[in-house]
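Notes to accompany the following structure.
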2 protein chains.
Amino acid sequence: MANKIIKAIHERRSRREFTDKAIAGDDLQEIVRAGIWAPSGLNNQPWRFVIITDAKIREELSATTHYSHIVLGAQALIAVFLDSEVVYDPVKDQQSAGACIQNMLLAAEALSLGGVWLGQILKKKEQVCQILDMSDRYELAAVVALGHPAHYDQKSNRKDLNHFILKTL
Amino acid sequence: MANKIIKAIHERRSRREFTDKAIAGDDLQEIVRAGIWAPSGLNNQPWRFVIITDAKIREELSATTHYSHIVLGAQALIAVFLDSEVVYDPVKDQQSAGACIQNMLLAAEALSLGGVWLGQILKKKEQVCQILDMSDRYELAAVVALGHPAHYDQKSNRKDLNHFILKTL
């Protein structure tokens with residue numbers, strides 16, 4: 001068990017190209033369910049989700065980001081929001097959104113799917129909210145693009161561990 | 001594999017009481033290594049870490065939070081920072097810190113350890129930085145308290161999945 005979890009963490013990659021196979025609705029629910037098991041400050045559970053598979057809406061959303069080809073090629077998008085009526089601390093709630101998204105990405109890989117965290121789309125968050133017909137109550141945190149990976153040869157890298165550990169006391 | 005990863009995500013709990021068994025140095029490194037495999041915007045890898053096992057420093061840190069009993073009872077603390085010379089977007093970098101911390105907590109559980117994410121300590125972050133002798137360059141994001149769990153009967157709850165999914169389009 002130990003190794004499988006840590007291996008999954010190390011082997012997760014951002015998948016940006018997908019086949020045209022649709023994602024089962026149950027899998028999308030499973031991914032969101034993994035998301036909500038993230039920790040949150042005071043267990044306030046501030047995350048909200050919009051699941052998008054509709055081709056026309058995906059096309060509209062593709063115009064809101066530099067990465068339109070990913071949005072167009074994905075079989076599903078999950079827009080992650082913070083509920084302004086629930087949040088309590090701007091830093092901790094955004095951190096919790098990050099923990100939630102990481103769970104979602106790990107769950108996608110565990111379901112033989114793949115995903116990529118789209119942050120650049122935040123530059124047009126008002127436009128995204130308009131397309132999704134969301135009220136001001138919900139603040140866009142990120143969009144996750146999902147699909148069946150077209151290939152698995154993504155490379156990534158990290159600096160050496162010693163670069164990150166500043167001190168051991 | 002699929003089920004094991006998702007099961008691990010669902011079964012992670014905040015562990016707040018620990019035995020007095022020390023944590024192996026290799027395990028602490030493994031936990032940080034899991035953290036740095038989080039995604040970050042532009043792969044900027046903004047996280048930095050201070051690993052603390054020294055009893056005197058843990059005692060000093062315990063005075064900086066409401067949760068001093070957790071800090072005192074933990075066998076190790078990992079303080080997570082963002083490097084101000086590397087960050088590029090306040091929202092995305094804090095989200096990435098959250099993804100990093102979630103990886104660390106999942107890795108801890110996978111190593112038969114347990115941990116809890118301490119956010120309340122941010123109220124005294126200047127004092128924490130002073131105790132750890134950190135320059136202004138590093139901004140405290142959270143402290144993770146770690147140990148061998150004294151028990152495994154922690155309960156948690158989440159609202160129903162439908163509460164979180166606002167729309168399916």
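What follows is calculated from the coordinates using simple rules that are stated; it is not laboratory data. Everything quoted here is computed from the prediction, not taken from an experiment. Virtual Cβ from ideal backbone geometry, glycine too; neighbours counted across all protein chains shown.
Counting every other Cβ atom within 10 Å of each residue's Cβ, A:Arg15, A:Arg158 order from fewest to most as A:Arg158, A:Arg15. With the cut-off at under 19 Å, measuring from each backbone N in region A:86-113 to a point 7 Å along the Cα-to-Cβ line of A:Arg137 picks out A:86-89. Calculated FRET efficiency, B:Lys56 and B:Ser112, Cβ-Cβ r, R0 35 Å, to nearest 0.05? The formula returns an efficiency of 0.80 here. Each Cα pair under 8 Å and six or more residues apart adds its sequence gap; the mean of these over the residue count of region A:13-151 is a relative contact order of 40 percent.
Label-point spacing at A:Asn43 relative to the other copies reads 3.9 nm, in ascending order, each point sitting 7 Å out from Cα along Cα→Cβ. Show that you can apply the helix-only estimate: for the protein assembly as shown, add -39,500 (n - 2.57) for every DSSP H stretch of four or more residues, divide by all residues, and state [θ] at 222 nm to the nearest 500. Result for the protein assembly as shown, helices only: -11500 deg cm²/dmol. Summary for A:Gln29: label point 7 Å along Cα→Cβ; distances to the equivalent points in the other copies, ascending, 4.5 nm. Ranking of A:Tyr67, A:Tyr152 by neighbouring Cβ atoms within 10 Å, starting from the fewest: A:Tyr152, A:Tyr67.
Note on chain B: GNM, Cα springs under 10 Å; of B:Val86, B:Val71, B:Val128, the largest mean-square fluctuation is that of B:Val86. Evaluated with a Cβ-only charge set (Lys, Arg +1; Asp, Glu -1), chain B carries a dipole of roughly 720 debye about its Cα centre, given to the nearest 20.
Fewest-first ordering of A:Thr19, A:Thr65 by other beta carbons within 10 Å of each residue's beta carbon gives A:Thr19, A:Thr65.
Electrostatic bookkeeping for A:Thr65 treats Lys and Arg as +1 and Asp and Glu as -1; over the other residues with beta carbon under 11 Å from its beta carbon, the sum is +3. In this assembly of identical copies, the label point of A:His148 (Cα plus 7 Å along Cα-to-Cβ) is separated from its counterparts by 4.6 nm, sorted shortest first. Count the net charge of all other residues whose Cβ sits under 11 Å from the Cβ of A:Gln94, scoring Lys and Arg as +1 and Asp and Glu as -1. Overall, the nearby charge balance is -3.
Cross-linked pairs A:Lys4/A:Lys92; A:Lys4/A:Lys167; A:Lys7/A:Lys155; A:Lys92/B:Lys4: Cα-Cα separations exceed 24 Å for A:Lys4/A:Lys92; A:Lys4/A:Lys167; A:Lys92/B:Lys4.
Taken as entire DSSP H runs, the helices of chain B that both span 18 Å or more between Cα atoms along their own long axis and average -0.5 or more on the Kyte-Doolittle scale are B:90-110.
For region A:72-169, the set of GluC sites (Glu not before Pro) satisfying both a DSSP loop assignment and a count of at most 15 other C-beta atoms within 10 Å is given as A:Glu85. Placing a label point 7 Å from the Cα of B:Glu11 along the Cα-to-Cβ direction, the residues of region B:100-118 whose backbone N falls under 17 Å of that point are B:105-115. Among residues other than B:Ile131 with Cβ under 14 Å from its Cβ, the summed charge is 0 (Lys and Arg +1, Asp and Glu -1). Spin-label model, B:Thr19 to A:Asp26: label points 7 Å out along the Cα-to-beta-carbon direction sit 3.9 nm apart. Computed over region A:122-169, the P(r) curve from all C-alpha pair distances, binned at 5 Å from the origin, holds 5, 13, 14, 9, 9, 13, 15, 12, 8, 2, 0 percent per bin. If you sort the three axes of the alpha carbon gyration tensor as a ≥ b ≥ c, you get a/c of 1.5 or more for region B:13-151 and a/b no higher than b/c, which makes it oblate. The two copies A and B are related by a rotation, and the chain A beta carbon nearest its axis, with distance in whole angstrom, is A:Gly98, 1.
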